[in-house]
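Here's the structure we're looking at; comments come further down.
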Amino acid sequence: MSSPALLRHPEDSMPATAVAEAGPAPTAPPKTPPSFGTLALRWYRLNQGRLRATAIGIASLIAFLLVWHLLTTYRVVFFVRFTNVPSPLAVYASFTKAIHDPKFLMHIVLSCRRIFIGFSLAAIVGVPLGLIMGRFKLVHEIIFPVAEVLRPIPAIAWVPMAIMLWPTNEQSIVFITFLGSFFPILVNTLHGMSLVDPVLVRAAQCLGARERSIFREVYFPASLPHIFTGLTVGMGVAWVSLIAAEMISGQYGIGYFTWEAYSLVQYADIALGMIAIGVLGLGSSLLIRGAGQLVMPWRST
């Protein structure tokens, strides 16, 4: 019963002439590529959530502009006075004029440069310091009380001290921007270190990992979500601090542009400066979130 002859297929027992007469076996028809409509429908299903959020965001912005236009057109006074508030069309006219003015572009470039320098210094100092404070208890006990005393001081209160500490206004403004973003980065990094699972640390130690390897392979990856949260919050606070410093002691920058427009009673330029600050802050936050998705691709799923 175990003879190989019993295991042959019927095709094997057919004579060669019968096989030749039967001809080659029929082949499956080639698959046609999916149409454009099918691909578009598939892409829509995959990105349905994002498209819905984008559509809702655009609708909310249009509704905001419509309400703004109606309130300023009819000069509504209801607890809040809209008699002197510029209309969206007036702000747009001011924008078309400002983009051809090199001085306005210089204000934006200088503010972006200050943000870049101050925020970069805060990240370079705040993230490693938070990691070290979260790992070594003695360092935490020495630095944390001082940081907690300085953290609640607003950026505006630092302006006189910064002017006394630094020889130029440019350096004092960068210093205030640094302080504004430093403390959110430090606190969130500390919070991330406190949430690291100690089981992972003990497992790495049992496997013979040294302190440097534990930092690189355990603490740092586990704290990355909170670090990027601190970077995002720190960027927002950095813009707030920068605008306050430019309004008080600056001679250039988007904050100085907005304050100068108020002094010259140019209401459309005031709104233009505020919108420019919001757009720049949003763009900075989106850059940080994009960097976070590149560094932590597992969180985008």
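For the chain, the dipole from Cβ point charges (+1 on Lys and Arg, -1 on Asp and Glu) about the Cα centre works out to 260 debye, to the nearest 20.
Taking a ≥ b ≥ c as the square roots of the eigenvalues of the Cα gyration tensor of region 88-295, is the shape rounded (a/c under 1.5), prolate (a/b larger than b/c) or oblate? Because a/c hits 1.5 or more and a/b exceeds b/c, region 88-295 counts as prolate. Within region 168-183, whose backbone N sits under 12 Å from a point 7 Å along Cα→Cβ of ILE143? So the set is 183.
List the trypsin sites (Lys or Arg not before Pro) within region 208-301 that fall in a DSSP loop (any state other than H, G, I, E or B) and whose Cβ has at most 16 other Cβ atoms within 10 Å.
Details: sites: ARG210, ARG212, ARG216, ARG289, ARG299; in loops: ARG210.
Within region 208-301, the qualifying trypsin sites (Lys or Arg not before Pro) (loop, at most 16 other Cβ atoms within 10 Å) are ARG210.
Angle of helix 267-295 to the longest C-alpha principal axis of the chain, folded into 0 to 90 degrees and rounded to 10: 40°. Loop-located chymotrypsin sites (Phe, Trp or Tyr not before Pro) in region 125-189 (DSSP state not H, G, I, E or B) with no more than 13 neighbouring Cβ atoms inside 10 Å: PHE136. A straight line joining the Cα centroids of region 174-249 and region 272-290 runs 21 Å.
Derived scalar couplings between HN and Hα for region 92-103 equal 5, 4, 5, 5, 4, 7, 6, 5, 9, 9, x, 5 Hz in order, rounded to whole Hz, by the Karplus curve 6.51 cos²θ - 1.76 cosθ + 1.60 (θ = phi - 60°), x for Gly and Pro. Grouping the Cα pair distances of region 38-85 into 5 Å bins from zero gives a pair-distance distribution of 5, 19, 15, 12, 11, 9, 9, 7, 6, 6, 2 percent in increasing distance order.
One decimal place: the segment ARG299-SER285 gains 3.3 nm when fully extended, by the rule 0.36 nm per residue minus the C-alpha distance.
Quick one: accessible area per residue over region 88-295, 1.4 Å probe, rounded to a whole number of Å²?
Details: 11260 Å² over 208 residues.
Accessible surface, normalised per residue, equals 54 Å².
The values are calculated or read from the model by the stated rules, or taken from the named source; none is laboratory data. Everything numeric here is computed off the predicted structure, so don't read it as measured data. Methodologically, a virtual Cβ is constructed for each residue, glycine included, from the backbone with ideal geometry; neighbour enumeration extends over all protein chains shown. Protein only, heavy atoms only, side chains kept; ligands, DNA and RNA dropped before computing areas. Shrake-Rupley method; radii C 1.70, N 1.55, O 1.52, S 1.80 Å.
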